[in-house]
Amino acid sequence: MNPSIIVWSELSLQIVITFGHFLWQGLVVALLLVLFEFLSLRAQAFQINAKTGKSRDGSLRSSNFAYVIACIAFFALPCCVVSTFFWVHQTRGSFLVALWASESTHLPASTPMVSAELPIALPELNASELPVVDAPSQQRIDHDFFSTVTPGVEAFSPYLCLAYLVGVTWMLFRFGLSLVGGARLHRTLEPISDAKVLAMISAQARKLGLRRIPLAAMCQRVTVPAVVGILQPAILLPPALLSGLDPQQLVAILSHELAHIRRYDLIINLLQRIVEALLFFHPVTWWISRRVRVERENCCDDVAAAGSSRIEYALALLRMAEQCAKLRGLNIAPQLESLAADGGDGSQLSYRIRRLLGEAD
């Protein structure tokens, strides 16, 4: 088996060609997602109850369906990149070059040699009898759109790949910092000792089908309820939330967080962050990722509202926002941004409440 070396110029060019194709492939995936969302809304319109103005069960099914479609669209992006890279690799050929052993130039004495003094009679062939051999690899390269691009692309492809690696490294570094920050939160936890709150959590966990009751603790460093940890998830609550909500509202808020654990949203979010780091350069990646987070919150909102009513759960969200705003000494408007699934859209809570009330567009 002959050793091989990587021709970095060819590898970088194949990567650039792959990402070039991914630019239009991502747009196609986004357009398909928009089409599916439009058809989903149209299908949901046929399920609306004429008396109540909405169908509760139909809304639950549509939120789960929209979340699954958004996840399929998001994770189709790395699949496009991988499949396109293999196609480019087959088209252009391997970027590995075999290193032949130097001994091939010095044949051993036992190797039979053909004497130059012995004439060898070779059959004469006419030109018309010679077979015509095509160059399929060259034909495949000619059909590649990016092979006709100016040579500057090939010249700058190593630098483009280097810039990409720098961007991925920075994104993964930020992701690593968030994981470290989440791990440090466990050191500042104050386990909840209130028997009533623990009974609420236990009852809701059994109701949602959780095999193990997650840890619930108070944390001074969070201003809204949050779930951290993948192997051992824990629900973090700001201290002001326990005294600022009535028991029914607290149960609804806890149901939302328990739904994240029951649906394995923490694992999906972990994979989501990795894909964001690898495909950070395409705006479609961030747009579809945000759609996944929005639909994820909608699904958990439906689970939480199923235990009481949508109006009561919407009031619980507003009450929680008020308590968190007082905790940080802020007005209610800026504090709403922290309740968004993507962590930056201040209108997300307003959309969630209007959706619960059946008034969302």
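The values are calculated or read from the model by the stated rules, or taken from the named source; none is laboratory data. Since this is a predicted model, take the numbers as computed values, not measurements. Every residue, glycine as well, gets a Cβ built from its backbone with ideal geometry; the counts of neighbours run over all protein chains shown. Heads up: the accessible areas ignore ligands, DNA and RNA and are worked out on the full protein's heavy atoms, side chains in. Shrake-Rupley method; radii C 1.70, N 1.55, O 1.52, S 1.80 Å.
So with the 1.4 Å probe, I'd like the accessible area per residue for region 227-266, rounded to whole Å².
Numbers: 1510 Å² over 40 residues.
With the other protein chains kept in place, region 227-266 gives 38 Å² per residue.
Extending 7 Å from Cα along the Cβ direction at Leu242 and again at Leu39 yields two label points whose distance is 5.0 nm.
Taking the Kirkwood radius as the inverse of the mean 1/r across Cα pairs, report the Rg/Rh of region 149-279. Show your work: numbers first, answer last.
Values: Rg = 20.5 Å, Rh = 17.2 Å.
Rg/Rh for region 149-279 comes to 1.19.
Please list Trp24, Trp287 in order of solvent-accessible area, largest first, computed with a 1.4 Å probe with all protein chains present. Let's see the in-between values first.
Values: Trp24 135, Trp287 100 Å².
From most accessible down to least: Trp24, Trp287.
When the inverse distances between all different Cα atoms of region 234-316 are averaged and flipped, the Kirkwood radius reads 14.3 angstrom.
Carbon and sulfur together cover what percent of the accessible area of region 181-294 at a 1.4 Å probe radius? Each step should come with its number before you reach the end.
On the way: 3290 of 5600 Å².
In region 181-294, the share of accessible area belonging to carbon and sulfur is 59 percent.
Its relative contact order, with pairs defined as Cα atoms under 8 Å and 6+ residues apart, puts region 153-231 at 31 percent.
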